[in-house]
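In what follows, a single structure is set out as C-alpha cells and then discussed.
The values are calculated or read from the model by the stated rules, or taken from the named source; none is laboratory data. For clarity, every value in this text was computed on a predicted model and none was experimentally measured. We place every Cβ from the backbone using ideal geometry, glycine too, and count neighbours over all the protein chains shown.
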Amino acid sequence: MRLPAVPRLRRRPPGTPAGIEYHELTHEPGAAAARVVCTDYCPERIEVQEVADIAAFVAVHRPPWSRVRWIHVEGLQDRGVIRALAEKYQLHPLAIEDMLDGAHRPKLDDFPGVDELPGRLFVVAGRVRPREGTLHAEQLNLFLGRNTLLSFEQVANPAIDGVRHRLQAPRSRLRGNDASFLLYALLDAIVDRLFPVLDEVSGRLEVVEEEVLTRPDPQGLPAIHRIKRDLVAIRRVAWPMRELVGELQRERHECLSETTQTYFRDLYDQCVQAIDLIETYREIASAVAETQVSVISNRTNEIMKVLTVIGTIFIPLTFLAGVYGMNMPIPENGWRYSYPIFWGGCLGIAGLMLWRFRRGGWL
C-alpha cells in the first residue's frame, strides 16, 4: 500500500518573498484530516486530549497548572489545522515553508523574539522508516517555545507514542522538566530507533556474507546492493542529526535549559555511535561485495582451467585421429594390431598428460 506523499508547493516566481504566509494556507479539497493530540502536564498532573475542533482549541489558553503544553499534529495535508496553530503561536513563514516542503535534512533554525513574542527554535529531525521493501527518510518538525512544543509529521511515528507513554509515569523525569527536555526526549527516541534498524541490517549482512562464503551465487550481489542502499539512507539521517544535536548542545537559547543541554551531550555520543556502526557496516558490505566478485571470478577461472586441460588433452588425440582417419592408404591399415595400438597410444598420451598436469599443480 502506497502512503500518501507530502504535497509540495509550487516554486515561487523569481523575486517573490520566501516563506509561506498564513493566508496562503488554504484548505485543499479532498485533503485528509489531521490528527491533533494535546498533552498538558506538570510534575503532579497530566491531561491528554485529542482535538476535534481546532478553532475552539486555539481560542482557549493552556490551563494555569500546566507547566508544558505539547501539541502533536499527524498529517500535513490539513492546511486549516496548520494555519490555526501557526497564527496562534506565531510560527515563522520560513519555518512553515520548510515544514511543508518535507525534503530538508535535519537542521536547527533560531527565530528570535519580537516585542513581547518570545523566541522560538525550529528543529527539523530525521528518521528512517521501512517502506515498500526499502528504508526511506522522513521529517519530523518541532517548534520549541518557553513552555510549548509543537510537533508536525506526515505519518504516525512510534517514537511519539513512546514518549507520550513515558509521560504517564508520575515520577518520570520528563514530568519534572521544561519543554526543552521534552524536545530532548523526542530526539533521543528518534536516535534510539536507529539501532534496531542497524541491527536488522547487520543480520541481513551476516546472512549474505555466509551465503557468499558457502554458496556463492551471482544473485547475491543485488542483496548486497540493497543493504548498501539502506545504509546510505540511514547515513543521510544520522550525520545531519549529529550536527543538529551538536548545535543544540553548544548554542545558548532562552528556550533551552542548562539541564537539557547536559543531556544533549549523551545524545551526541549516541549519534556518534550510530555513525560508527553505519561506517563499519558499509565497509563490511563493500568487502562482502568484493569477496562475492572474487569468489565468482575464481570459480569461473577453475571452470576455464578444467576446460582448457580437457581441450589440451584432446589436441594430440585429435591429431592422431585426423591422420588415421584420412581416406587414403596408410601402411598400418593392413596390420591387424593397428587399431588396439592406436587406442593404447591415445589412452597413454591422455594418462601421461593428466599425470603431468596434476604433478605441476594445474589440477
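Among the residues of the range 53-67, are any over 33 Å from the mean Cα position of the chain (by Cα), among the charged types (D, E, K, R) and surrounded by 17 or more Cβ atoms within 10 Å (Cβ to Cβ)?
Initial filter on the range 53-67 (over 33 Å from the mean Cα position of the chain (by Cα)): 53-67.
Among the residues that remain, those that are also among the charged types (D, E, K, R) are: 53, 62, 67.
Next, only the ones that are surrounded by 17 or more Cβ atoms within 10 Å (Cβ to Cβ) stay: 67.
Looking through the range 53-67, at least one residue is over 33 Å from the mean Cα position of the chain (by Cα), among the charged types (D, E, K, R) and surrounded by 17 or more Cβ atoms within 10 Å (Cβ to Cβ).
With respect to Ala95, is the statement that it is in contact with a Phe, Trp or Tyr (Cβ under 8 Å, 6 or more places away or on another chain), at pLDDT below 90 and outside any strand (DSSP E or B) true? Outline the logic, then answer.
Numbers: in contact with a Phe, Trp or Tyr (Cβ under 8 Å, 6 or more places away or on another chain): yes; at pLDDT below 90: yes; outside any strand (DSSP E or B): yes.
In short, yes.
Looking only at the range 25-37, how many residues end up being under 19 Å from Leu186 (Cβ atoms) and either of a type in the set (D, E, K, R) or out of contact with any Asp or Glu (no Cβ under 8 Å at 6 or more places or on another chain) (or both)? So that I can check it myself, show each step before the final result.
The first filter runs over the range 25-37 and keeps only residues under 19 Å from Leu186 (Cβ atoms), leaving 34-37.
With the extra rule that they be either of a type in the set (D, E, K, R) or out of contact with any Asp or Glu (no Cβ under 8 Å at 6 or more places or on another chain) (or both), the set shrinks to 35.
Residues meeting the conditions: 1.
Kindly list the number of the only condition in (1) closer than 18 Å to Phe264 by Cα; (2) surrounded by fewer than 21 Cβ atoms within 10 Å (Cβ to Cβ) that fails for Arg236.
Going through (1) closer than 18 Å to Phe264 by Cα; (2) surrounded by fewer than 21 Cβ atoms within 10 Å (Cβ to Cβ) one by one, Arg236 breaks only (1).
What's the total number of residues in the range 151-175 that are in a loop (DSSP other than H, G, I, E, B), loosely packed, with under 14 Cβ neighbours inside 10 Å and not basic (Lys, Arg)? Talk me through it step by step, then tell me what you get.
Quick first cut of the range 151-175, residues in a loop (DSSP other than H, G, I, E, B) only: 154-157, 168-175.
Subsequent filtering for residues that are loosely packed, with under 14 Cβ neighbours inside 10 Å retains 155-156, 168-171, 173.
Cutting the leftovers down to not basic (Lys, Arg) gives us 155-156, 168-170.
So the answer is 5.
Any idea which residue in the range 26-71 is farthest from Ile82 (Cα to Cα), counting only those that are among the hydrophobic types (A, V, I, L, M, F, W, C), in a loop (DSSP other than H, G, I, E, B) and at pLDDT 80 or above?
Pass one, the range 26-71, residues among the hydrophobic types (A, V, I, L, M, F, W, C): 31-34, 36-38, 42, 46, 48, 51-52, 54-60, 65, 68, 70-71.
Still in the list and also in a loop (DSSP other than H, G, I, E, B): 31-34, 52, 59-60, 65.
Retained after the next criterion (residues that are at pLDDT 80 or above): 32-34, 52, 59-60, 65.
Numbers: Ala32: 13, Ala33: 11, Ala34: 9, Ala52: 14, Ala59: 15, Val60: 17, Trp65: 26 Å.
The selected residue is Trp65.
Tell me yes or no: at least one residue of the range 190-197 is assigned by TED's automatic domain parsing to the domain that holds Gly113 and in a loop (DSSP other than H, G, I, E, B). Working first, answer last.
Of the residues in the range 190-197, the ones assigned by TED's automatic domain parsing to the domain that holds Gly113 are 190-197.
From what is left, the residues that are in a loop (DSSP other than H, G, I, E, B) are 193.
So far as the range 190-197 goes, yes, one or more of its residues are assigned by TED's automatic domain parsing to the domain that holds Gly113 and in a loop (DSSP other than H, G, I, E, B).
Modelled with pLDDT under 80, surrounded by 12 or more Cβ atoms within 10 Å (Cβ to Cβ) and at negative phi - does that describe any residue in the range 275-290? Can you show your working first?
Of all residues in the range 275-290, those modelled with pLDDT under 80 come to none.
No; the residues of the range 275-290 include none that is modelled with pLDDT under 80, surrounded by 12 or more Cβ atoms within 10 Å (Cβ to Cβ) and at negative phi.
Would you please name the residue that is modelled with the highest pLDDT, looking only at residues in the range 115-150 that are surrounded by fewer than 18 Cβ atoms within 10 Å (Cβ to Cβ) and of a type in the set (Asp, Glu)?
Glu132
Before we move on, is Asp98 assigned by TED's automatic domain parsing to the domain that holds Ala238 and surrounded by fewer than 19 Cβ atoms within 10 Å (Cβ to Cβ)? Even if it seems obvious, please write down each step before you answer.
Numbers: assigned by TED's automatic domain parsing to the domain that holds Ala238: yes; surrounded by fewer than 19 Cβ atoms within 10 Å (Cβ to Cβ): no.
For Asp98, the condition - assigned by TED's automatic domain parsing to the domain that holds Ala238 and surrounded by fewer than 19 Cβ atoms within 10 Å (Cβ to Cβ) - is not met.
For the range 185-229, what are the residues that are over 24 Å from Asp276 (Cβ atoms) and without any contact (Cβ under 8 Å) to a residue 24 or more places away in the chain?
Once the filter is applied, which keeps residues that are over 24 Å from Asp276 (Cβ atoms) and without any contact (Cβ under 8 Å) to a residue 24 or more places away in the chain, the range 185-229 yields Glu211, Thr214, Arg215, Asp217, Gln219, Pro222.
Looking at the range 264-271, can you tell me whether even one residue there is in contact with a strand residue (DSSP E or B) (Cβ under 9 Å, 6 or more places away or on another chain), assigned by TED's automatic domain parsing to the domain that holds Ala125, closer than 17 Å to Ser180 by Cβ and of a type outside the set (Gly, Ala, Ser)? Before the answer, list the steps.
Kept after step one, since they are in contact with a strand residue (DSSP E or B) (Cβ under 9 Å, 6 or more places away or on another chain), are these residues of the range 264-271: none.
No: the range 264-271 contains no residue that is in contact with a strand residue (DSSP E or B) (Cβ under 9 Å, 6 or more places away or on another chain), assigned by TED's automatic domain parsing to the domain that holds Ala125, closer than 17 Å to Ser180 by Cβ and of a type outside the set (Gly, Ala, Ser).
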